[in-house]
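Please read the structure below before turning to the comments.
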Amino acid sequence: MNKVSYDHQNENPLSPWLPSNHSLKNETGKWAIHQPSVDNAKCIKCLRCWIACPESAINFVDDKIKVDRFFCKGCGICEVECPTEAITMESVL
C-alpha cells in the first residue's frame, strides 16, 4: 500500500496537519451557523485550537487567537479542545 506524505510545517504555515490552501478551496465560512468567539483574557496560548482546526481558520496574531470567520465551518472542535473555556460557539443566525 502506498502512503502519501508531505512536510506539514513547510507546506502550511497555518496548521501543521493540513495541506496548503485547504480552506481556501472550500470557503466553508459561508455556510456556518455557529462561529467561535475567543475570550483572549482566558486564553493561555496553548494553541490546541490551532492544532485541532480542520479548516486552518485559527491563527495566532499579535499574541492573540484570531478566527478567520470566512473559513471557519463552525464545527466546534476548538471549543472542545480549549482547556480554559476561552472559546465558545455562538449562533450567527
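Data for the structure
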{"quantity": "Residue order, fewest to most beta carbons within 10 Å, for Arg69, Arg48", "calculated": "Arg69, Arg48"}
{"quantity": "Cα convex hull of the range 26-91 - mean projected area over all directions, nm²", "calculated": "3.9"}
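Bear in mind these aren't lab numbers, they're just calculated from the coordinates by the rules spelled out. What you are looking at is a predicted structure, and each value in this text was computed from that prediction instead of being measured. FYI the Cβ positions are ideal-geometry reconstructions off the backbone, even for glycines, and counts take in every protein chain you see.
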